[in-house]
Amino acid sequence: MENCAVCGIESKQKCSGCNLVFYCSRDHQVADWKNGHKTNCKCYDISSNNILGRYMVAKRDIKPGEIILREKPIVIGPKTISNVMCLGCHQLLNVNYYKCSKCTWPLCGKSCETSEYHVDECKLMSSKNFKSSIKEVGKLESSYCVIVPLRVIFMRKNQPKMYQQFSKLVSHIDRRISTKLYDVLRANLVPFILNFLQIPDLTENEILEIAGILDTNCFEVLLTSKKVKARGIYYETAMMAHECIPNTKHFVDENYEMKVFATQMIKKGEMILTSYSHPLKTTLERRLAINLAKCFDCVCPRCIDATEKNTFSSSIKCSTCKDGVLTSCDPLTNLSEWQCIKCEHKVSGAKIIQLTSEIRKSLDHLNKRSVVECENFIKSYKKFLPDSSVFMMDVKYALCMLYGNVDGYFFRDLSPDQIQRKLDLCNQLLSELSILEPGISNSFLNTKFELNVAEILKIKSQFKPNNETSKLIEIHMERITETYNLLRVASDGKALIDNRYKKIKEESSL
Ligand SMILES: C[S@@+](CC[C@H](N)C(=O)[O-])C[C@H]1O[C@@H](n2cnc3c(N)ncnc32)[C@H](O)[C@@H]1O
């Protein structure tokens, strides 16, 4: 029993937000909320050290699936280089887009001329007689690089407190300033804001600092159902430090609200971590991308371990003994030699980089909607890549989703061999994902969902309906429902999941 935070008497009820403060009654809870608990009601603290800067730490044990925080962006808009998009609602546009009648930037329609995101920039640009040079869709446009910095500059004037918060974020400008991208920004973004828009009381350094903060801290805002592909600053979310095997996942909902949830148990005092990269990239790829985008060298437990927790997910098969796999002799040095764990044959780092970049290119061009192409990829690369390679896992994940869900491979079309193939792929993937993306990540849940789908299809294809098979199907259906409920919490594409769930429910009751 704890004491009520307001009157001190013994109380059982605790705040369901932070689980840390107790109240004797609803009235005292409401009073405390108004009195300041609203801003303190968090399950995390922000700490800092010399290496990470600020980072998030759990104030109490956080269970898998628990929402750690929700927040709206302090600024949102197009990426530095973007496909043609509406500056009002941020959806990608097709050929017949509308041009703002005042500033001529592409919009989805007249209604977005007065969108809260667009009005300030529209007023300023039209007063300067700006004409957008964007002509065609399907091309990446660099002129979008001015929009988010401009929105931050408006924040500086209209919401000074928020801007103060924004300016405390890291920019790594010292490292960025000598890059090609910042040469381009200095030559285009800076004169546009200072000379063309003539915004007063602003220097070149301040503009580049804003760009640096955006590049270091923005999250991708991806809403597949609404065709939105933008970036935004989520202040609290940005406090999470990086590890390549994180303990959280996040997604942005249709109101641009960020939700961060725990994928594993996070014990009191442990860091709350996100990944700035992708789990299905090799160590070299992840470390290079993080260095470029976030300006630090990752030395997390996955990166320093050449075997990546015995998954060998960045490894290449040894062409000498054909039995072992090659791992880097020093995973923190890009050009380090690689050596076979069985025959000790050595290969230069340059050769490994060349081979993996060729495989990456081939994967980037692969049509992941085609079962045949995905199966062919696996066949062709089997001689170079172990089953647990990130490239293989990527394609296997696509296949797990394709069997049963696409034209020519719907439930009724699958042969017993194809059902078994789906089952094997799901099982292989789950054992690897449980190490590289443990807990309730989207890919783990989707694979688990599809594994139980395959189990039901197998039972139905092998046995005549009877009490025993009905019971087995029921067990798998229960597991599917459990996974479906978690998936609905953990992702934004709810319609797609609902559809998959409806289909298997119908199939299992036939
Ligand atoms: C999105 S910010 C995180 C918040 C930031 N630490 C702050 O104080 O505002 C990303 C930056 O945090 C630091 N950081 C995060 N994770 C790190 C890690 N694992 N190792 C080193 N630096 C890290 C790097 O400076 C990185 O560019």
### Task
Per DSSP H run of n ≥ 4, the term is -39500 (n - 2.57); total these for the chain, divide by its residue number, and report the mean residue ellipticity at 222 nm rounded to 500 deg cm²/dmol.
-12000 deg cm²/dmol
### Message
Sequence gap at least 6, Cα distance under 8 Å: using those rules, report the relative contact order of the chain to the nearest whole percent.
### Response
12
### Task
Could you list TRP338, TRP105 in order of exposure, starting from the residue whose Cβ has the fewest other Cβ atoms within 10 Å?
TRP338, TRP105
### Label-point gap, in nm, between VAL57 and ASN158 - each point 7 angstrom along Cα→Cβ
3.8
### Query
Hey, how many Å between the Cα centroid of the range 307-382 and the Cα centroid of the range 202-234?
34
### Query
Dimensions of the range 296-389 along principal axes (Cα, Å, largest first)?
37, 36, 24
### Message
Tell me which chymotrypsin sites (Phe, Trp or Tyr not before Pro) from the range 420-510 have a DSSP coil assignment and no more than 14 other beta carbons within 10 Å of their own.
### Response
PHE463
### Message
Taking the Cα centroid of the range 423-479 and of the range 1-70, what is the distance between the two, rounded to the nearest whole Å?
### Response
38
#### Entry: Gain upon complete extension [ARG70, VAL489; 0.36 nm per residue less C-alpha separation]
149.6 nm
### Query
Which whole-number percent is the relative contact order of the range 2-64 (Cα, under 8 Å, 6+ apart)?
23
### Message
Between the range 137-164 and the range 104-126, what is the separation of their alpha carbon centroids in Å?
### Response
13
### Pairwise FRET efficiency - GLU270 versus ILE177, Cβ, R0 = 35 Å, nearest 0.05
0.50
### Query
Kirkwood-based Rg over Rh for the chain (C-alpha set), two decimals?
1.00
### Task
Can you tell me the FRET efficiency between GLN165 and ASN466 if r is taken as the Cβ-Cβ distance and R0 is 60 Å, rounded to the nearest 0.05?
0.40
### Query
With all pairs of different alpha carbon atoms counted, what Kirkwood hydrodynamic radius in Å does the range 2-64 show?
13.0
### Task
For each pair in LYS268/LYS294; LYS59/LYS249; LYS161/LYS281; LYS379/LYS505; LYS180/LYS317; LYS131/LYS168, compute the distance between the two Cα atoms and list the pairs where it is over 29 Å.
LYS161/LYS281; LYS379/LYS505; LYS180/LYS317; LYS131/LYS168
### Diffusion constant of the range 228-298 at 20 °C, which comes from Stokes-Einstein with the Kirkwood Cα-pair radius and 1.002 mPa s, µm²/s
159
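Read-outs: derived from the displayed coordinates by stated rules, not from any lab. Keep in mind the model is a prediction, meaning the values are calculated, not measured. Backbone-built Cβ (ideal geometry, glycine too); neighbour counts: all protein chains shown.
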